[in-house]
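Written below as structure tokens is the structure these notes are about.
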Amino acid sequence: MIIIDDKLISDEIVEKKFVCNLNKCKGACCWEGDFGAPLTSEEIEIIEDHIDNFIDDLDMDGQAKIEKDLFHAIYGEPEFEGTALLPNGACVFLLMENGIAQCGIEKANKKGKIPLQKPISCHLYPIRINEDPHTGTILINYDEWDICSDACNLGEELKVPVYKFVKTALIRRFGEDFYNQLDETANYMESQEPIN
């Protein structure tokens, strides 16, 4: 376990290798699973304020779901809010282009229709962030999912650790100083000879 400030970081974040391989998985994380992508209260507010700017750019099923039931829902135990899902399990913001999943929020952001790049939970994946409600400690863990096996294989081939793959997202969430400390720690861990 790595400790930086009030954050506990799983060793897997620096030890495991990962690079998304969209040509293989086609972005399956956008339509697989039981829950939508976790959203912060700030993200929900931003989407609410800008949804009218880009709802017409979304898939027809996504538009219908949002207009009927909203774009977010409550999941899990403990409860959290996440993007709503269509009956087939796809995120309401999913757009398919050339057989590969695209994020409707991210596409709208590139067109200047919303200031949110995409949910931070998606940007950070395969890292998942949880906060201990009693201590306020932030837990940063690697989420291993079989649909990402091709990403793990590509990461091994390219020798890219998880934390480097999501560098931009980590800086977006925690700042550059945090990332630099994590990078220094990872480099130190890698330099240590295993004890036989």
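The numbers here are math on the coordinates, done by the rules we state, and not lab data. Please read these numbers as outputs of a predicted model, since none were measured by experiment. Note that each Cβ is placed from the backbone with ideal geometry, even for glycine, and that neighbours are counted across all protein chains shown.
Laid out as a table, the results:
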item	result
Residue within region 46-58 that is touching a His at 6+ places or on another chain (Cβ under 9 Å) and surrounded by 20 or more Cβ atoms within 10 Å (Cβ to Cβ) present	yes
Contacts under 9 angstrom Cβ, first residue in region 61-72 being in contact (Cβ under 8 Å) with a residue 40 or more places away in the chain, partner assigned to a loop (DSSP other than H, G, I, E, B), 6 or more apart	GLY62/PHE71; GLY62/ALA84; GLY62/LEU86; GLY62/ALA90; GLY62/VAL92; GLY62/PHE93
Any hit, region 115-130, residues being of a type outside the set (D, E, K, R), without any contact (Cβ under 8 Å) to a residue 12 or more places away in the chain and exposed (fewer than 13 other Cβ atoms within 10 Å of the Cβ)	no
Condition check for ILE171: surrounded by 14 or more Cβ atoms within 10 Å (Cβ to Cβ) and either outside any helix (DSSP H, G or I) or among the acidic types (Asp, Glu) (or both)	no
Leading residue by the ranking (surrounded by the most Cβ atoms within 10 Å (Cβ to Cβ)) among those in region 84-110 that are assigned to a strand (DSSP E or B) and touching a residue at least 40 places away in the same chain (Cβ under 8 Å)	CYS91
One residue from TYR163, TYR188 being over 24 Å from GLU32 (Cβ atoms), of a type outside the set (Asp, Glu) and in a helix (DSSP H, G or I)	TYR188
Test set (1) touching a residue at least 24 places away in the same chain (Cβ under 8 Å); (2) surrounded by fewer than 18 Cβ atoms within 10 Å (Cβ to Cβ); (3) over 26 Å from GLY62 (Cβ atoms) - THR135 fails condition number	(1)
